[in-house]
Amino acid sequence: MKTLIKAAVVSLAVLALAACSSMPDWMPFSGATKVKLSGAEEVPPVMAQGSGGGSFRVAEDGGISGSVTTTGVAGTAAHIHQGAKGQNGPVIVPLAKNADTYSVPEGRKLTAAQTEAFKAGNLYVNVHTARNKGGEVRGQLNP
């Protein structure tokens, strides 16, 4: 009887793990979307000396959290924008600056349309500088 119960528990655990492996990355608790920032990703491209990287999470209800940190970039501001790769778009989430790290303010949520844009890979984050007011480094958020 104990062997049968152990086999049933193991089977359920395997099924649960298999179900989780097919969940899309934007689902809550599924992991973070990593991003790398470079001048080559800006539109038009920028010859930036620095770079950046970080991660973001978007929950099913649109809740967003995360941050990016730059190296060699004298950033003045950073934002998440809505726009496809190779295109510029409007700011949808201004990020809070703390030294070389830019974070999503607590409690921030994307609209339903912005969440859909995220799922389609149509959001990006960039860091602006005095030299490149339109953006010094950029990275597409690919779920």
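The values are calculated or read from the model by the stated rules, or taken from the named source; none is laboratory data. Everything quoted here is computed from the prediction, not taken from an experiment. Cβ coordinates were reconstructed from backbone atoms using ideal geometry, including for glycine residues, and neighbour counts include every protein chain displayed.
Which of the numbered conditions does SER55 fail, given that it passes all the others? Conditions: (1) touching a Gly at 6+ places or on another chain (Cβ under 6 Å); (2) touching a residue at least 24 places away in the same chain (Cβ under 8 Å). SER55 satisfies all of (1) touching a Gly at 6+ places or on another chain (Cβ under 6 Å); (2) touching a residue at least 24 places away in the same chain (Cβ under 8 Å) except (2).
Just checking, does segment 64-83 include any residue being farther than 22 Å from ASN132 by Cα, crowded, with 16+ Cβ neighbours inside 10 Å, within 13 Å of the chain's Cα centre (by Cα) and not hydroxyl-bearing (Ser, Thr, Tyr)? Steps first, please.
Restricting attention to segment 64-83, the residues satisfying the condition of being farther than 22 Å from ASN132 by Cα are 64-66.
Applying the additional criterion that residues be crowded, with 16+ Cβ neighbours inside 10 Å yields 64-66.
Checking which are within 13 Å of the chain's Cα centre (by Cα) leaves us with 64-66.
In the following step, the residues that additionally are not hydroxyl-bearing (Ser, Thr, Tyr) were identified as 64, 66.
Scanning segment 64-83 turns up at least one residue that is farther than 22 Å from ASN132 by Cα, crowded, with 16+ Cβ neighbours inside 10 Å, within 13 Å of the chain's Cα centre (by Cα) and not hydroxyl-bearing (Ser, Thr, Tyr).
Only a single criterion out of (1) out of contact with any Asp or Glu (no Cβ under 6 Å at 6 or more places or on another chain); (2) not in a strand (DSSP E or B) is not satisfied by HIS81, namely (2). What tally of residues in segment 84-99 results from selecting those that are crowded, with 17+ Cβ neighbours inside 10 Å and not β-branched (Val, Ile, Thr)? Selection size over segment 84-99: 1.
Determine if segment 32-45 includes at least one residue that is within 17 Å of LEU95 (Cα to Cα), surrounded by fewer than 20 Cβ atoms within 10 Å (Cβ to Cβ) and modelled with pLDDT of 95 or more. Yes: one or more hits.
Contact annotation: residue pairs with Cβ atoms under 7 Å, 6 or more positions apart or on different chains, pairing a residue in segment 71-95 that is within 17 Å of PHE56 (Cα to Cα) with a partner that is surrounded by 14 or more Cβ atoms within 10 Å (Cβ to Cβ) and hydroxyl-bearing (Ser, Thr, Tyr), are ALA78/TYR102; HIS81/TYR124; GLY83/TYR124; LEU95/TYR102; LEU95/SER103.
Identify all residues within segment 110-129 that are over 13 Å from the mean Cα position of the chain (by Cα) and either touching a residue at least 24 places away in the same chain (Cβ under 8 Å) or crowded, with 19+ Cβ neighbours inside 10 Å (or both); write none if there are none. Write out each step before concluding.
In the first step, residues of segment 110-129 are kept if they are over 13 Å from the mean Cα position of the chain (by Cα); the result is 111-113, 116, 127-129.
Once the filter is applied, which keeps residues that are over 13 Å from the mean Cα position of the chain (by Cα) and either touching a residue at least 24 places away in the same chain (Cβ under 8 Å) or crowded, with 19+ Cβ neighbours inside 10 Å (or both), segment 110-129 yields THR111, ALA112, VAL127, HIS128, THR129.
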